[in-house]
Amino acid sequence: MQIIIARILALFGGSVVRKIISCIPALVAKAEVAMADGKITAEERKQFVLDAIDIISGQFGYKITGILRWCIQVIVDAIAKKLPSKDVNIPAVILKVLDQYKG
């Protein structure tokens, strides 16, 4: 059991976590572009997920092309269809969160 715990800790302390953390600024930049108009639409959410997959795979040295890209798009579309189709009003969400912290 100690060996398993040590391996898990080594994984999180190693290069994998550093690579994931280094993706965060690019992901935040993509999110800021999506919410520039104050709302994130369903199409913007799908595009954000696809962009995030590209950013993360690039950080790990994988190039997603061709059939794999198409498969990922089909999976993202299938999941997106199951989600509510409402636009997310970013300012309203931020105000709601701030109100909960004040209360």
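Read the figures in this text as sums done on the coordinates, not as results from a lab. It should be emphasised that the depicted structure is a prediction, and the values quoted were computed from it without experimental measurement. Every residue, glycine as well, gets a Cβ built from its backbone with ideal geometry; the counts of neighbours run over all protein chains shown.
For the pair LYS102 and VAL16, how long in nm is the line joining their label points, each one 7 Å along Cα→Cβ?
4.3
Taking K and R as +1 and D and E as -1, what net charge do the other residues with C-beta under 15 Å from the C-beta of TRP70 add up to?
Computed value for this residue: +1.
State, as an integer percentage, the relative contact order of the chain based on alpha-carbon contacts under 8 Å between residues 6 or more apart.
32
Take the alpha-carbon positions of the stretch 50-99, form their convex hull, and give its projected area averaged over all directions (one quarter of the hull surface) in nm².
The orientation-averaged projected area of the Cα hull of the stretch 50-99 comes to 5.1 nm².
Take the Cα radius of gyration of the chain and divide it by 2.2 N^0.38 Å, with N its residue count; two decimals is plenty.
For the chain, the normalised Cα radius of gyration is 1.38.
Run the reach check for LYS81 against lysines, Cα to Cα strictly under 23 Å, same-chain hits fewer than 8 apart removed. What comes back?
Partners found: LYS30, LYS39, LYS46.
Which of these, LYS63, LYS81, LYS19, has the largest mean-square fluctuation under a Gaussian network model of the chain (Cα springs below 10 Å)?
LYS81
So what's the angle, to the nearest 10 degrees on a 0 to 90 scale, between helix 2-13 and the longest Cα principal axis of the chain?
50
Sort TYR62, TYR101 by Cβ crowding within 10 Å, fewest neighbours at the top.
TYR101, TYR62
What residues qualify as long-range amide H neighbours of LYS39, i.e. H under 5 Å apart, gap of 5 or more or another chain, H built at 1.01 Å from N?
The list, which skips near neighbours in sequence, is ILE90.
Report, in degrees rounded to the nearest 10, the 0 to 90 angle that the Cα long axis of helix 15-34 makes with the longest principal axis of the chain.
Relative to the chain, helix 15-34 is tipped by roughly 20 degrees.
To the nearest 500 deg cm²/dmol, what mean residue ellipticity at 222 nm is calculated for the chain from DSSP H runs of n ≥ 4 alone, each contributing -39,500 (n - 2.57), summed and divided by the residues?
Calculated mean residue ellipticity at 222 nm is -26000 deg cm²/dmol.
³J(HN,Hα) across the stretch 75-83 via Karplus (A = 6.51, B = -1.76, C = 1.60, θ = phi - 60°), whole Hz, x for Gly/Pro?
Once θ is set to phi - 60°, the couplings for the stretch 75-83 become 5, 4, 4, 5, 5, 4, 5, 7, 7 Hz.
Using the Karplus curve 6.51 cos²θ - 1.76 cosθ + 1.60 with θ = phi - 60°, what ³J(HN,Hα) values do you get for each residue of the stretch 43-52, in whole Hz, with x for Gly and Pro?
3J(HN,Hα) across the stretch 43-52, in whole Hz: 5, 5, 5, 4, 5, 4, 4, 5, 5, 5.
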